[in-house]
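Just passing along the structure, written as structure tokens.
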Amino acid sequence: MPKIKVLPHEELCPEGAEFESVAGKSVCENLLDNSIDIEHACELSCACTTCHVIFREGFETLNGSTDDEEDLLDKAWGLEPNSRLSCQTLVDDKDLTIEIPKYTINMVSEIHPKKDKDTGPMQNTISNNDFSFSKSAINHITKLLEKDKSTGVRITVKTSGCSGYAYDLSIVKEGKKDDYSGNFSDINLFISKESFIFLKGTELDYVQNGLNSELIFNNPNISAQCGCGESFSIDQELFQKA
Ligand code: FES
């Protein structure tokens, strides 16, 4: 039976691991079957990148990747030439050695403040250092909330577009479980737990350009933005500093 050797990963297998794998199953399934709890947010359907692994041995023996996998891989954290999505990579009859990158796009679970034994639940409060609104953004959003009879906005960052990520802002009456939250001039702000790290230090502005006006995220964590302004990529140092 072919073997899979997994190099040490701080959280998933601190000592590393080695196990006999099942040919014909994906690397991701083999990892999960052997209690290595790699993220697989899209349930192995090639839609999320969280199952990204780097092959240190055996890369050349793997099945080829599809265009969908290649497109997604571009968005993975810590991409290397021998990177693959483990849910799309089938075990053959050869031994493999893999490294699981430290972070995924859902890396916030590692970066957020940990639960403190003495203070109880995790602190999910958004401070002025985490996020701020310009005066014009406050005025604009306040009008939107009045019109909608709502009290808050919820912001998420999603994988999207040609540069990797995109913002999604919606008017809400309340946030979701695990959201970060804060109150800014009577606007209740909710940021999804997964998106918080991407937005840290951002100012939301509302700008008027001639006849057009729009909400603009002045986000210090962005490394590039696509020409159409719809999507952006994130400076990976953000995660390394965390
Ligand atoms: S689990 Fe989502 S791409 Fe593999």
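Out of the stretch 141-160, which residues are farther than 22 Å from TRP77 by Cα, of a type in the set (S, T, N, Q) and not in a helix (DSSP H, G or I)?
Applying the first criterion (farther than 22 Å from TRP77 by Cα) to the stretch 141-160 yields 141-154.
Then keep just the ones that are of a type in the set (S, T, N, Q); that gives 142, 150-151.
Correct list: SER150, THR151.
May I ask you to verify whether LEU44 is modelled with pLDDT of 95 or more, within 18 Å of the chain's Cα centre (by Cα), closer than 30 Å to ASP179 by Cα and within 12 Å of the ligand (Cβ to nearest atom)?
On the way: modelled with pLDDT of 95 or more: no; within 18 Å of the chain's Cα centre (by Cα): yes; closer than 30 Å to ASP179 by Cα: yes; within 12 Å of the ligand (Cβ to nearest atom): yes.
When the stated conditions are applied, LEU44 does not pass them.
Could you please give the count of residues in the stretch 84-121 that are small (Gly, Ala, Ser) and at pLDDT below 95? Give the derivation first.
Residues of the stretch 84-121 that are small (Gly, Ala, Ser), as a first pass: 86, 109, 120.
Applying the additional criterion that residues be at pLDDT below 95 yields 109, 120.
Final tally of qualifying residues: 2.
Ok, one more. Taking CYS87, is it buried (at least 20 other Cβ atoms within 10 Å of the Cβ) and within 21 Å of LYS158 (Cα to Cα)? I'd like the intermediate steps shown before the answer.
Working: buried (at least 20 other Cβ atoms within 10 Å of the Cβ): yes; within 21 Å of LYS158 (Cα to Cα): yes.
Taking the combined requirement at face value, the residue satisfies it.
If you go through the stretch 165-183 one residue at a time, do you hit one that is charged (D, E, K, R) and crowded, with 20+ Cβ neighbours inside 10 Å?
Filtering the stretch 165-183 down to residues charged (D, E, K, R) leaves 168, 173-174, 176-179.
Still in the running and crowded, with 20+ Cβ neighbours inside 10 Å: 179.
Yes, because at least one residue in the stretch 165-183 is charged (D, E, K, R) and crowded, with 20+ Cβ neighbours inside 10 Å.
So in the stretch 16-28, with the set limited to residues that are part of a loop (DSSP other than H, G, I, E, B) and farther than 16 Å from LYS102 by Cβ, which one is nearest to the chain's Cα centre (by Cα)? If you could, list the steps in order and put the result at the bottom.
Within the stretch 16-28, the first condition is being part of a loop (DSSP other than H, G, I, E, B), and the residues that meet it are 16, 21-25.
With farther than 16 Å from LYS102 by Cβ added as a condition, the list becomes 21-25.
Values: SER21: 29, VAL22: 30, ALA23: 30, GLY24: 29, LYS25: 26 Å.
Ranking the candidates gives LYS25 first.
Residues in the stretch 60-67: is at least one in a loop (DSSP other than H, G, I, E, B), within 9 Å of the ligand (Cβ to nearest atom) and β-branched (Val, Ile, Thr)?
Quick first cut of the stretch 60-67, residues in a loop (DSSP other than H, G, I, E, B) only: 62-66.
Subsequent filtering for residues that are within 9 Å of the ligand (Cβ to nearest atom) retains none.
There is no residue in the stretch 60-67 that is in a loop (DSSP other than H, G, I, E, B), within 9 Å of the ligand (Cβ to nearest atom) and β-branched (Val, Ile, Thr).
With the condition kept exactly as written, say whether any residue in the stretch 29-46 is among the polar types (S, T, N, Q), in contact (Cβ under 8 Å) with a residue 40 or more places away in the chain, within 17 Å of THR97 (Cβ to Cβ) and buried (at least 19 other Cβ atoms within 10 Å of the Cβ). Before you say what the answer is, go through the steps one by one.
Initially, the stretch 29-46 is screened for residues among the polar types (S, T, N, Q), giving 30, 34-35, 45.
Retained after the next criterion (residues that are in contact (Cβ under 8 Å) with a residue 40 or more places away in the chain): 30, 45.
From what is left, the residues that are within 17 Å of THR97 (Cβ to Cβ) are 30.
Then keep just the ones that are buried (at least 19 other Cβ atoms within 10 Å of the Cβ); that gives 30.
Yes.
Something else about it: Looking at the stretch 1-26, I want the residues that are without any contact (Cβ under 8 Å) to a residue 24 or more places away in the chain and have a partner that is among the small types (Gly, Ala, Ser) and outside any strand (DSSP E or B) with Cβ atoms under 6 Å, at least 6 apart or on another chain. Which pairs are those?
PRO8/GLY16
Let me ask something else about it. Taking the condition within 13 Å of the ligand (Cβ to nearest atom) and part of a loop (DSSP other than H, G, I, E, B), does LEU31 pass?
Values: within 13 Å of the ligand (Cβ to nearest atom): yes; part of a loop (DSSP other than H, G, I, E, B): no.
Spelling it out, it is not the case that LEU31 is within 13 Å of the ligand (Cβ to nearest atom) and part of a loop (DSSP other than H, G, I, E, B).
Identify all residues within the stretch 3-21 that are surrounded by 12 or more Cβ atoms within 10 Å (Cβ to Cβ) and modelled with pLDDT under 95; write none if there are none.
HIS9, LEU12, CYS13
For every residue, the table says whether it meets (1) over 23 Å from LEU12 (Cβ atoms); (2) within 14 Å of the ligand (Cβ to nearest atom); (3) touching a residue at least 60 places away in the same chain (Cβ under 8 Å); (4) not in a loop (DSSP other than H, G, I, E, B).
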{"site": "PHE55", "(1), (2), (3), (4)": "no, no, no, yes"}
{"site": "GLU70", "(1), (2), (3), (4)": "yes, yes, no, yes"}
{"site": "GLY78", "(1), (2), (3), (4)": "no, no, yes, no"}
{"site": "ASP92", "(1), (2), (3), (4)": "yes, no, yes, no"}
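The values are calculated or read from the model by the stated rules, or taken from the named source; none is laboratory data. All values derive from a computational prediction rather than experimental measurement. Please note: Cβ atoms are built from the backbone with ideal geometry, for glycine as well, and neighbour counts cover all protein chains shown.
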